[in-house]
Amino acid sequence: MKRSIKILILGTLIFTLSCNDSRKQTSKKYIRELKNNDIKNEDLLYNTKPEDILKDFMTWYNYHYYNIHLAQDFIALDTNSTVLNKTQFLDKLLTGNFITIKTALKDGIPTYKLFMPAVKYPEIVSVIMQSVSSEISNYKMEGKSLPDFNFTDLNGVGYSKKSTKGKIIILKCWFIHCKACVQEFPELNQLVDKFKQNKNIIFLSLASDNKKELIDFLKKSLLTMPLFLIWI
């Protein structure tokens, strides 16, 4: 039986709002909550109420951006605090009838709870449904083998399913103007350094920009992720 390729996808397509400068308006309260996500061995409880974040679109968006990460593992609760699996949780969010609030953090794993707001917010519903639709699609792909591919890096080296058979592939998907994507590189570079002696691990960085733009950008930014591949 052929050995399946293990895949860890570190980056996914991020909806447009996540890459704009509006997040600079995030309140100090939500920045503190973001920093708390780095505390792995301490139990934390949050007392955020729906009315606290539904004052206007940007208040909700800043909270959601910094606190709700649906791609990661989390404990899911419905409005009655009944535990749901991830599929059930995402399906309920996709109805557009709920918002999500982080209620706890235990050993680095957050608890998200569904709340049904008393008033409809069309802009909020639109963003939630857009991001949840993308996450459901990504979640369904977890555990599946990577389809046939043929990537070429900036040095002309090719990578295909055949040439990487039996390897662990770590993919980073990004583009130059995604600030959140670029900000992740220092941490990713630490991961690369940690496993650079392991010949069974391949780091592939897929960028949607053209070759010239990538070369110019990389010279200025001094990013050191080892492989930058053109994804067009």
### Query
Which residues' amide hydrogens lie under 5 Å from the amide hydrogen of Ala104, considering only partners 5 or more residues apart or on another chain, with H built in the peptide plane?
Tyr46, Thr111
### Message
Need the full-extension length gain, Lys49 to Gln190, defined as separation in residues times 0.36 nm minus the C-alpha distance. One decimal, nm.
### Response
47.1 nm
### Which listed pairs, of Lys49/Lys106; Lys92/Lys140; Lys49/Lys92; Lys113/Lys140; Lys106/Lys144; Lys102/Lys220, have C-alpha distances above 27 Å, in listed order
Lys106/Lys144; Lys102/Lys220
### Task
Sort the range 64-143 into rounded, prolate or oblate with this rule: let a ≥ b ≥ c be the square roots of the eigenvalues of the Cα gyration tensor; rounded if a/c is under 1.5, and if a/c is not under 1.5, prolate when a/b is larger than b/c, oblate otherwise.
oblate
### Message
Tell me which of Ser208, Pro147, Ile136 sits at the most positive position along the dipole axis of the range 133-230, charges placed on C-beta atoms (Lys, Arg +1; Asp, Glu -1).
### Response
Pro147
### Task
Heavy atoms only, probe 1.4 Å: what % of the accessible area of the range 110-184 goes to carbon and sulfur, would you let me know?
57
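Need one number: the % of Cα-Cα pairs in the range 73-232 sitting beyond the 25 Å mark.
Cα-Cα pairs of the range 73-232 separated by over 25 Å account for 49 percent.
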### Net dipole in debye of the range 120-203 [+1 Lys, Arg Cβ; -1 Asp, Glu Cβ; about Cα centre; nearest 20]
400
#### Entry: Under 18 Å, Cα to Cα: Lys pairs in the range 146-207, sequence gap 8 or more or different chains
9
### Task
Ignoring everything but the protein chains, give the 1.4 Å probe accessible area of Tyr121 in square angstrom, nearest 10.
60
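The values are calculated or read from the model by the stated rules, or taken from the named source; none is laboratory data. What you are looking at is a predicted structure, and each value in this text was computed from that prediction instead of being measured. Please note: Cβ atoms are built from the backbone with ideal geometry, for glycine as well, and neighbour counts cover all protein chains shown. Surface areas here come from the heavy atoms of the whole protein model, side chains and all, with no ligands, DNA or RNA. Shrake-Rupley method; radii C 1.70, N 1.55, O 1.52, S 1.80 Å.
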